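We did not get these values from a lab; they are worked out from the coordinates using the rules stated. What you see is a predicted model; the values in this text were computed from it and never measured. Glycine also receives a Cβ, built like all others from the backbone with ideal geometry; neighbour counts cover every protein chain displayed.
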Ligand code: HEM
């Protein structure tokens, strides 16, 4: 044993005597993880969160969350001599005076954008593959919590510098709070410590942005990952993979090396973007004053859909018992997002209720084999995308020489018409893909080789696919629809008959499928060929 090995052994022994870590490490470091590129999406969220914590901590050394009025006399000439808040002035100082400050600000902002896109794409992979099914429903709900908090955290972050763009965003947030019937104006007064904009809001959201929400994030991400650990990761069907096992590589050394490398790739991309791509150049916007709004004001993309919904709302207001109810803000700003996020959180429960499938699932679905789920996802994405596009209605209108009215009417109609179309088209596409799979299993792969028969007919030669591929294309389950009886044996309508009828309908829609090729059919056709 070399001296170095002896020292390492002594240190390990010392720690183990006091913590009993060796047994725990031995068990957990050999834990097996399945391998698929889409399982890296959650890791992108994790690594960009770490980057956010590190770059954000750097920014707190110089950022001054104060509304105290100062006169700017830093090195950015166009703003010299202008009155502004200390918050805005310190953001300018970080950008122009602090060494590496602008780079850190840009890394922080890019990391936030990557974090949010990572969350949304990770959510989509979990949704479209059915990874949210039992026993992972809790983790799905924690995920929806993380998404919601991410949106709020990002919004609070870009509201801090007190520039003209961020102030405009805060003004919209204030309007949404005020739209709450009865309590709205009191709540807004409470949040802003008086009339808008006041001096209290930015120091308050600073505490929430750097202390409260990151703490909640850390706690939720820890629970999220502990659950992935405990429940084990799902896997796509494949040779040797069952509902009871996990096929993959051990955590140590394979995943440690992969994950470590991947962290540096995510960090590298973020640092590169921070170095070369300008983001949120607040010095161009100027300090916030409530009387001004610059043309082309845009929120960050993860808020764009909400802005787009508010922008397309028709001017609806009612006056009830002396209170004004602004439906034009209440519906797009609170009611619709409330329905969207509640629906998202409850989706795993709605699906298992509708299909009657309450079993555990550790093997993932191919999206085409769950056409209804895939179509609902496409419908929800289309709705959000139309809203997001309308969030940039002014920019799109000026770029393509349209009027704001044309954009607004396009969005108002599209948000109602396009989602159902997306549903139908996606469902048909899934069924066509199922049909293609069935043909592939039964008739083999098209080779592109044409052969002329003695009678002059041309046929294309098909090659049988491998047994492994044929098994993969037919290993999924095809659930039969629920048949909940409306009447009992005596012919009397059962209690809850209407509910059962609805469940039957939904489950019938969910069970529509092209029957997968069976082994008998395959054998028969093989003999035939
Ligand atoms: C801060 C944000 C998030 C982080 C850091 C994070 C991290 C992760 C990681 C590292 C994994 C394991 C690897 C993978 O499957 O990609 C995972 C799995 C999972 N995540 Fe997330 N996630 C976040 C947000 C979300 C969201 C928004 C949802 C859904 C609403 C979600 C639902 C799930 C589920 C159900 C699993 C288990 C997947 C399986 O076993 O196949 N997560 N998450």
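A few notes on this one:
- Taking the number of Cβ atoms within 10 Å of each Cβ as an exposure proxy, the fewest-first ranking of 426, 91 is 426, 91.
- Convex hull volume per residue, computed on the Cα atoms of the range 358-433, equals 123 Å³.
- Put a dot 7 Å past the Cα of residue 399, heading toward its Cβ, do the same for residue 216, and the two dots end up 3.4 nm apart.
- Cα long-axis angle, helix 336-355 against the chain (0 to 90 degrees, to the nearest 10): 20
- Prolate/oblate/rounded call for the range 298-422, Cα gyration tensor, a/c under 1.5 rounded: oblate
- Relative contact order of the chain, pairs being alpha-carbon contacts under 8 Å that are 6 or more residues apart, as %: 16
- Taking a point 7 Å out from the Cα of residue 475 in the direction of its Cβ, the residues of the range 366-395 whose backbone N falls within less than 13 Å of it are 366.
- Tilt relative to the chain, helix 41-60 - C-alpha long axis, 0 to 90 degrees, to 10: 10
- Counting only Cα atoms, the chain measures 91, 81, 63 Å along its principal axes, largest extent leading.
- Cα-based shape type of the range 119-194, given that a ≥ b ≥ c are square roots of the gyration tensor eigenvalues and the cut on a/c is 1.5: prolate
- Only helices enter this figure: runs of n ≥ 4 DSSP H residues, each worth -39500 (n - 2.57), summed and divided by the residues of the chain, yield -20000 deg cm²/dmol at 222 nm to the nearest 500.
- Between residue 520 and residue 321, residue separation times 0.36 nm minus the direct Cα-Cα distance comes to 64.4 nm.
- With a simple spin-label model that places each label point 7 Å from the Cα along the Cα-to-Cβ direction, the separation between residue 421 and residue 459 comes to 4.2 nm.
- Sorting 29, 364 by the number of Cβ atoms found within 10 Å of their own Cβ, with the fewest placed first, yields 29, 364.
- If you take the Cα centroid of the range 440-505 and the Cα centroid of the range 36-58, the two points sit 41 Å apart.
- Here the calculated FRET efficiency for residue 15 and residue 254, from their Cβ-Cβ distance with R0 = 25 Å, stands at 0.55, rounded to the nearest 0.05.
- Equivalent-ellipsoid semi-axes of the range 371-412, from the Cα gyration tensor, Å, largest first: 27, 9, 7
- The range 364-421 and the range 131-202 have Cα centres spaced 24 Å apart.
- If R0 is 35 Å, the Cβ-Cβ spacing of residue 196 and residue 62 corresponds to a FRET efficiency of close to 0.80.
- Full-extension gain in nm, residue 492 to residue 96, via 0.36 nm per residue minus C-alpha separation: 134.6 nm
- Cα Rg, Dmax, the range 16-167, angstrom units: 21.3, 65
- Between helix 256-276 and the chain: long-axis angle, C-alpha atoms, 0 to 90°, nearest 10: 40
- Here the gap between residue 499 and residue 278, fully extended at 0.36 nm per residue and compared with their Cα-Cα distance, gives a gain of 74.1 nm.
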